[in-house]
1. Along the principal axes of its C-alpha atoms, what lengths does the stretch 38-106 span, in descending order and rounded to whole Å?
2. What's the Cα-based Rg to Rh of the stretch 233-273, Rh via Kirkwood?
3. Suppose we keep just the alpha-carbon trace of the stretch 31-70; what are its Rg and Dmax in angstrom?
4. Modelled label-to-label distance, TYR88 and ASN44, 7 Å Cα→beta-carbon offset: nm?
5. How charged is the neighbourhood of GLY94? Take every other residue with its Cβ under 15 Å from the Cβ of GLY94, and add Lys/Arg as +1 and Asp/Glu as -1.
6. Among 193-204, 75-86, how do they line up from the highest to the lowest mean number of other beta-carbon atoms within 10 Å?
7. Would you tally the net charge around TYR84, using a Cβ to Cβ cut-off of less than 10 Å, leaving TYR84 out, and scoring K and R as +1, D and E as -1?
8. Find the centroid of the Cα atoms in the stretch 176-212 and in the stretch 234-281, then give the distance between the two in whole Å.
Amino acid sequence: PTVIIEAGAGTPSPTYHWLQKGIAETTKVCVYDRAGLAWSEESNLPRDSDTIAAALNTLLDKSNIKRPFVFAGHSIAGLYMRRYVDLYPEEVAGMVFLDASHPKQNQKFGVGEEHLAEQNSMVEQQVSMMKLLINLGVTEVYNPAVEFSPDVPELPELVLEQLAYVVSLKPYYDAIPIELADFEAAAKQAAGNTTLGDMPIVVISATEAIPDRIMPDYFPEDFQTIFGNLHKEIVALSTNGRHVEIDTANHMSLVANKDQVAKTLPYIREVILEAATSQDQ
């Protein structure tokens, strides 16, 4: 089966180069950018799970992608994938959750409306600053957005050039706040997915904290432990689920660092193989 990579919030497709390259050694893989990100035009639609799933379904139709496929989703994609399965249950044969979001994570972290408003305000400030740098032409010389993860510079030169280009586009900085602002709406819809039956799934967790996190006081000290327990809840959705921890990876290095991605590939291939076997039967 084809593998569809669903990106994390505000994350352009070049970030997933190593993941895409590794999966391509086994089967066909497709990666795309949601509305407003990278090369995709703004849709002026919400970024809830229903809208994201419907847009992807249309894209797959127009691209003549054979179903069923295997999902590989990072971060917020954990919400979108679960809703997609509910809306199009016959189209997904397996799922890989890469340090994925959980519908109830904000409640578990004790994050209320005040914290969310603070987070959104900080994101808006950063977005405004990047737009100013673009207008001044600073990003043509140095673009700090490319350095958002210490693992990104390990990407091949051509991919880095692509990444530098897409994060210098103004629409990109409009799309990011919208995705974050619609998190709770996306989560509420994803929470309706209470079972994945016997679908082969693997939930891969990063265990290291993200370096220089934007809001260090925003998360509890035991963030990684809570997140890991939420991942176990995702595993329990399927009678054929597995939980894997990569103890050398953080939230971004898990998908952007060549060595960390290499550690996830065997588990991803297991899901692909199980999905293929179930199709044959």
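A short reminder: the numbers here are calculations on the coordinates, not readings from a lab. Worth saying up front: this structure is predicted, and the values here are computed from it rather than measured. Glycine also receives a Cβ, built like all others from the backbone with ideal geometry; neighbour counts cover every protein chain displayed.
1. 35, 31, 21
2. Working: Rg = 11.4 Å, Rh = 11.3 Å.
Expressed as Rg/Rh, it is 1.01.
3. Looking at the stretch 31-70, its Cα Rg and Dmax stand at 10.7, 29 Å.
4. Placing both labels 7 Å beyond Cα along the Cβ direction yields 2.5 nm.
5. On the way: positive: LYS28, LYS66, ARG67, ARG82, ARG242, ARG269; negative: GLU6, GLU90, GLU91, ASP198, GLU270, GLU274, ASP280.
Spelling it out: positives minus negatives among the neighbours equals -1.
6. Numbers: 193-204: 19.5, 75-86: 25.9.
My ranking of the peptides, most packed first, is 75-86, 193-204.
7. Working: positive: ARG82, ARG83; negative: GLU6, ASP50, ASP86, GLU91.
Charge balance in the 10 Å sphere: -2.
8. First find each Cα centre; the distance between them is then 15 Å.
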